[in-house]
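Accompanying notes for the structure given below.
The values are calculated or read from the model by the stated rules, or taken from the named source; none is laboratory data. Since we're looking at a predicted model, the values are computed, not measured. Methodologically, a virtual Cβ is constructed for each residue, glycine included, from the backbone with ideal geometry; neighbour enumeration extends over all protein chains shown.
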Amino acid sequence: MAAESTSGSTSPTSPIVIAVLAVLVFGVAGTGILGGLAGAGVFSSGADDTSASAVTGPVAGIPAEYVGPIINAGRSCPALSPGLLAAQLQQESGFNPLARSSVGAEGIAQFMPGTWATRGLDGDNDHRADPFNPADAIPAAARYDCALAASVAHLGDPVRLMLAAYNAGPGAVLSAGGVPPYPETQTYVAKIIAAEPAMTAALAAASTPSGTVAPAARTAIAYARQQLGEHYLWGGTGPDLWDCSGLVQAAYKAAGVSLPRRTFEQAGESGPSIPVNDVSRWQPGDLLFAAGSDGTPDNPGHVGIYLGDRQVLHAPKKGDVVRIVDLDHYLTVTGVTRPASLAGY
């Protein structure tokens, strides 16, 4: 639970008192990267009192619409991984975006209101930071995880200490000189670490095309997935900075398919056109063209790679990173092509 270090808890009173004292002792030190020692999860992790039934999904309990955001956010820092973040969200709320705990923690990442006030963010650019919106809460949880890891890593294993700080508060971790001796926190850390491998496998399965997929498309998608989290740069062609068409060109180059460099050229020279209005005919690896900010429907300025299941991988814009988004959060598609058909195998 992402909570204030002084919040209530279902744990015994004495650990809470210790956590409160830790806040007082270490308050000055916490005014840097953490802006205070509010924890992302001081006890009571998991939604024991929810306002809606738990959200379920087809892949190890991970709802399909959260796969992309978790993969994107899970690469925010070395201490975090997509599988670890997924396991943490499962432990916090069972992936329920409307979860409320008995002590007031809110949303899929179980932020306490006080912590959200300083750590929340607007992940989907709708001008509102909402802990009940997974598009906001998932990247906020990842960013807070990374801040916690940086603040406690000097004490030992940054992963275990990061998780402990999310649950019990960074003040408790600093006071204990490691994972606090609270049964709930120790169980929290152990369960998330144990669940990480299965969640990593589930995320890989969910974001990798299944069934009959053209070999070139499969190779291109695999290459593009390796660039998730890399930053956008107009004119970028890799290996660490990409624009939309540069990423598409490089992905298909890895598959042995030569594509033009610029988006509007790719639209006319990347294989046969596929009906735009019939998503059922789109295949993994198809290119989805859109007007973007500098184009038109007939002269597109943006392109992404379709992954299937209404998921799109693309390099969005300045200030963003290569990410997977649901088709509903992608731009209006004005053209679809199939470059995999150009492969010589």
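Can you find a residue in the range 174-182 that is surrounded by 15 or more Cβ atoms within 10 Å (Cβ to Cβ), touching a strand residue (DSSP E or B) at 6+ places or on another chain (Cβ under 8 Å) and in a helix (DSSP H, G or I)? No: zero hits. Just one of the listed residues (ALA195, ALA220, ALA216) is closer than 21 Å to ALA2 by Cβ and either acidic (Asp, Glu) or at pLDDT 95 or above (or both), and it is ALA195. For ALA204, the stated conditions hold: it is under 22 Å from VAL321 (Cβ atoms) and of a type in the set (A, V, I, L, M, F, W, C). Residues that are closer than 22 Å to HIS329 by Cα, in the same structural domain as LEU89 (by TED's automatic domain parsing) and within 20 Å of the chain's Cα centre (by Cα) are absent from the range 144-160.
Answer yes or no as to whether ALA141 is under 20 Å from the mean Cα position of the chain (by Cα) and in the same structural domain as LEU85 (by TED's automatic domain parsing).
Numbers: under 20 Å from the mean Cα position of the chain (by Cα): yes; in the same structural domain as LEU85 (by TED's automatic domain parsing): yes.
In short, yes.
Mind checking whether some residue in the range 149-163 is touching a Lys or Arg at 6+ places or on another chain (Cβ under 8 Å), touching a residue at least 40 places away in the same chain (Cβ under 8 Å) and buried (at least 21 other Cβ atoms within 10 Å of the Cβ)? No, the range 149-163 has no match at all.
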